[in-house]
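Derivation of every value follows stated rules applied to the coordinates shown; laboratory data play no part. Predicted model only: the values in this text are computed from it and were never measured. Positions of Cβ are generated from backbone atoms using ideal geometry, with glycine treated the same way; all protein chains shown enter the neighbour counts.
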Amino acid sequence: MSGLAEFLELAQPIVAVRISNVRGSSPREVGAFMLVAETALWGTVGGGQLEYMAIDEARALARSAECSRQMNVPLGPEIGQCCGGHVQLDLRVIDQAEKAQLLAQEAARMAALPEVLILGSGHIGRALAYAFAPLPVRAILVDSRAEELAHAPEGVEQLCTPLPELTLRGARAGAAYIVATHEHSLDFLLTSEALARGDAAYVGMIGSKTKRAKFESWTVGEVDQLVCPMAAAHKGDRRPEVIAAFVVAEVMARLAAFQDAVNRQSVRGKA
């Protein structure tokens, strides 16, 4: 079960397990939390014996007359983990008001996720959409062909539009653009639009060095930011799923670097 709203509708007590303090090494950071019901789980506090212990304690709390407990757990050989740190967990049976607060926080988190526009729903585009689905991004598969979007993985956000360039123009600053359409001319148009924005975290275009050279001779804009070929470090297996894995790694690294630059700029602005 992955959807928070669906999880919170369970007709059984739900316990929030939250990391409230960390000393030394820990598998998750302060504030990380999971939700525990008798028959389901949502989220994680890091896995391993720490999580097993937390789940057992949370379910025991849900069956008791108490509403909260606290756990202090050393992450050492005594529980079969070797992080070497110490964590404090706060456990609390949540009520309707806390459920509403969790849903509002999740909506805000989702709204703040960086956008990844996958322009083209062919084999590569669909493999990319599938690979991005579990990651902390808002991936949108864009195509003008409804019949191709129909083959997209279940649950992937899709947009069928005859004017994908308008979708590109409406994206937020710091988005990633992966251009992999069915036509080189459309690839060139969309890539040029993405580069012209000047605020992209990543602009990639499917193709070879030859295709890049043709694009550079066609466009009048700067091309330094363009990644083409994508997944250039990978050699050998060219199946869409393999290519997608390498492209996703490139994109996630660029998104992280972009956010780090924004954070540094914000700190300088406050100084």
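List of remarks:
- Estimated 222 nm signal from helices in the chain, with DSSP H stretches of n ≥ 4 weighted -39500 (n - 2.57), rounded to 500: -13000 deg cm²/dmol
- Peptide ranges 100-111, 46-57 listed from the most packed, as the mean C-beta count within 10 angstrom indicates: 46-57, 100-111
- The GluC sites (Glu not before Pro) of the range 162-271 that DSSP puts in a loop, and whose beta carbon has at most 11 other beta carbons within 10 Å, are GLU183, GLU222.
- Between helix 123-132 and the chain there is an angle of about 30 degrees, using the helix long axis and the longest principal axis of the Cα atoms.
- On the principal axes of its alpha-carbon atoms, the chain has extents of 71, 43, 42 Å, going from largest to smallest.
- For the range 128-241, the percent of C-alpha pairs falling in each 10 Å distance bin, counted from 0 to the bin holding the largest distance, reads 12, 44, 37, 6.
- Note on ALA5 and ALA65: their simple-model spin labels are 3.8 nm apart, each label 7 Å out from Cα toward Cβ.
- Close amide H pairs (under 5 Å, H built 1.01 Å from N) link ILE14 with ILE94, residues at least 5 positions away or on another chain.
- Label sites at SER217 and ARG169, each approximated as a point 7 angstrom past Cα along Cα to Cβ, lie 3.0 nm apart.
- Phi-derived couplings, Karplus 6.51 cos²θ - 1.76 cosθ + 1.60 at θ = phi - 60°, listed residue by residue for the range 236-250: x, 4, 10, 4, x, 5, 6, 4, 4, 4, 6, 5, 4, 4, 4 Hz, with x used for Gly and Pro.
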